[in-house]
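Reading through the structure tokens given below for one structure.
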Amino acid sequence: MVPIKTALITDLDNTLFDWAELWFNCFSCMLEGIVKISGIPKERLIPEIRAVHQRHGTSEYSFLIEELPSLRLILNGRPATEAFAVPIEAYRQQRRKYLRLYPTVAETLLKMKGHGTKIIGYTESMAFYSNYRIRRLGLDGVLDYVFCPEAHLLPGGCQPKTSENIQPNIMS
């Protein structure tokens with residue numbers, strides 16, 4: 001007789017989906033677009049990007065463009081979503097293309113869930129980014145708990161979007 005498993009604890013990134021491929025494709029596409037629009041070489045932007053990522057403790061910082069010293073003159077007070085709309089949209093298109101579960105993950109998790117197993121996810125990605133991926137991957141009704149670091153602070157003047165219909169089940 002096989003013992004019943006009552007809980008599964010799983011890492012999310014590079015276990016349920018390919019986070020490295022996702023990040024590389026999204027980021028590379030956006031960076032190429034920023035270089036094309038700004039005329040600033042990649043070799044100058046990359047050290048600035050690294051510094052912003054280190055300062056915020058994540059390589060998934062949504063406000064990266066606004067904090068790059070080389071882009072401040074180009075932005076000239078405009079939002080990055082306006083000045084760099086094309087590369088930002090390219091990033092989002094790549095995210096939609098590459099954010100997918102590995103084969104058989106969904107079926108396996110649903111089968112375990114159907115047997116009453118609690119499914120607990122762990123990730124080093126911050127809550128804001130993890131919440132998006134969990135919902136987009138269709139795991140918001142499958143994972144019982146998710147443990148992740150708290151999200152970084154938002155820049156002054158920014159407010160998080162909330163929805164009465166979305167109740168993330170994320171524990172940080």
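The values are calculated or read from the model by the stated rules, or taken from the named source; none is laboratory data. Since this is a predicted model, take the numbers as computed values, not measurements. With ideal geometry, Cβ positions are generated from the backbone for all residues, glycine too; neighbour counts draw on all protein chains shown.
Restricting to segment 60-69, what's the tally of residues that are aromatic (Phe, Trp, Tyr) and buried (at least 18 other Cβ atoms within 10 Å of the Cβ)?
1
Every residue in segment 35-59 that is in contact with a Ser or Thr (Cβ under 7 Å, 6 or more places away or on another chain) and exposed (fewer than 13 other Cβ atoms within 10 Å of the Cβ), please.
Passing the criteria: none in range.
So is Asn131 polar (S, T, N, Q), at pLDDT below 95 and either in the same structural domain as Gly57 (by TED's automatic domain parsing) or farther than 21 Å from Phe24 by Cα (or both) or not?
No: the conditions fail for Asn131.
I'm told Glu124 meets every condition in (1) over 21 Å from the mean Cα position of the chain (by Cα); (2) farther than 18 Å from Cys29 by Cα except one. Can you identify the failing condition by its number?
Of (1) over 21 Å from the mean Cα position of the chain (by Cα); (2) farther than 18 Å from Cys29 by Cα, only one is false for Glu124: (1).
Does any residue of segment 77-98 turn out to be over 28 Å from Leu12 (Cβ atoms) and among the basic types (Lys, Arg)?
Looking for residues that are over 28 Å from Leu12 (Cβ atoms) and among the basic types (Lys, Arg), one finds at least one in segment 77-98, hence yes.
Could you please find all residues in segment 74-88 being of a type outside the set (Gly, Ala, Ser) and exposed (fewer than 14 other Cβ atoms within 10 Å of the Cβ)?
Across segment 74-88, the qualifying residues are Asn76, Arg78, Pro79, Thr81, Glu82, Val86.
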